[in-house]
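The values are calculated or read from the model by the stated rules, or taken from the named source; none is laboratory data. Since this is a predicted model, take the numbers as computed values, not measurements. Ideal geometry is used to build each Cβ from the backbone, glycine not excepted, and the neighbour counts take in all protein chains shown. What goes into the accessible areas is simple: the full protein's heavy atoms, side chains included, and nothing from ligands, DNA or RNA. Shrake-Rupley method; radii C 1.70, N 1.55, O 1.52, S 1.80 Å.
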Amino acid sequence: WLGNPESFTSGGKPRNIAWPEAAQDLGIGGMTQVGQKPMYVYGAASYEWSTTLSQDTFQKGRVSHQAIELGYGGVLFAKPGRKTALDISAGRQSFSLNSNFLFGHVLGSTNGAYRGNSGLSPRNAFRMTALAKLRHGPLTLQGFYLEPNSLNFPGQLSRYAGTNIRYNDNKNLDASFIYATSFDSEVAYSAPGDQKLSREGLRVFNPRLRWISAFGQQGLYLEGEYAHESSSRFAMSAYGYGAWAGYTFLSKPWR
């Protein structure tokens, strides 16, 4: 990346491996209850400015960009002490699932290039989201529609939809299962024979399990996650997985 940047970017070879960046985000947000009902409306809006003051790995000179970052609204139905709650929202906002294995706010927006700030990466919001989350006790059912805020170049647009079923008792078990698909996409995979295969039709299954206080040991946790991708349009198979183990010293003054 730094030794031969011409192979990766269009900005040419940087004169330095360091450059100054700056970003500023101005906005407003809030939530309020509707009368005496167990209903709350909320929202946020912000405007962001970013600049790269000299050549970086993406551009040959100074870049400055201004755009709306956040712009969403939602409604929450929840009564204190009750096990059931419903949260619905839509608009430009950050979104992540579980440990960001498949979808995360970092991937919601593209930084760098003509937007500047490839290092600070201040933009996190998706261009458009529609989210619905129904919770009853430890069980949560979530539906989502996502359109990432990718760079405005031809062949970059993708739209995703999916569901997430999660069980979390906040004591011993945190388990979830995600199914998602790309139902509309301009992105193409390069395949042998100069084939261009569309991401549209992509399907992914993603189970995840986190065992808290594993083997009855308070502070010990084990976690595993797996994802498999296929396509409804052509033969394809890809997978990824991860495993984690950790221990939190709950009885110590330093954690």
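Here are a few things to note about the model shown:
- Any chance LYS171 is charged (D, E, K, R), over 30 Å from GLN36 (Cα atoms) and exposed (fewer than 14 other Cβ atoms within 10 Å of the Cβ): yes
- The range 156-172, residues that are at pLDDT 95 or above and over 24 Å from ASN111 (Cα atoms): GLY162, THR163, ASN164, ILE165, ARG166, TYR167, ASN168
- TYR167 being within 23 Å of the chain's Cα centre (by Cα) and over 27 Å from ARG127 (Cα atoms): yes
- Residue in the range 193-201 that is over 30 Å from SER251 (Cβ atoms) and hydroxyl-bearing (Ser, Thr, Tyr) present: yes
- Filter result (open to solvent by less than 40 Å² (accessible area, probe 1.4 Å) and either at pLDDT 90 or above or closer than 15 Å to ARG159 by Cα (or both)) within the range 84-99: ALA85, SER89, GLY91, GLN93, PHE95
- Taken together, the residues in the range 35-65 that are under 10 Å from TRP19 (Cβ atoms) and among the polar types (S, T, N, Q) amount to 5.
- Residue match in the range 73-88 (condition: part of a strand (DSSP E or B) and without any contact (Cβ under 8 Å) to a residue 24 or more places away in the chain): no
- The set of residues from the range 48-79 being out of contact with any strand residue (DSSP E or B) (no Cβ under 8 Å at 6 or more places or on another chain), surrounded by 15 or more Cβ atoms within 10 Å (Cβ to Cβ) and among the small types (Gly, Ala, Ser) comprises just one member, SER54.
- Within the range 131-140, being surrounded by 15 or more Cβ atoms within 10 Å (Cβ to Cβ) and of a type in the set (A, V, I, L, M, F, W, C) holds for LEU131, ALA132, LEU134.
- LEU151 meets all of the listed conditions (1) in contact (Cβ under 8 Å) with a residue 40 or more places away in the chain; (2) closer than 25 Å to PRO207 by Cβ but one, namely (2).
- Scan of the range 182-233 for residues that are among the acidic types (Asp, Glu) and exposed (fewer than 14 other Cβ atoms within 10 Å of the Cβ), ordered by number: ASP194
- Residue among SER176, SER150 that is at pLDDT below 95 and hydroxyl-bearing (Ser, Thr, Tyr): SER150
- Criterion: at pLDDT 95 or above and surrounded by 11 or more Cβ atoms within 10 Å (Cβ to Cβ) - qualifying residue of ALA22, ALA45: ALA45
- Filtered residues of the range 80-92 (kept if of a type in the set (Gly, Ala, Ser) and out of contact with any strand residue (DSSP E or B) (no Cβ under 7 Å at 6 or more places or on another chain)): GLY81
- Exactly one residue out of LEU102, LEU120 is open to solvent by 30 Å² or more (accessible area, probe 1.4 Å), within 18 Å of ALA67 (Cα to Cα) and touching a residue at least 12 places away in the same chain (Cβ under 8 Å): that is LEU120.
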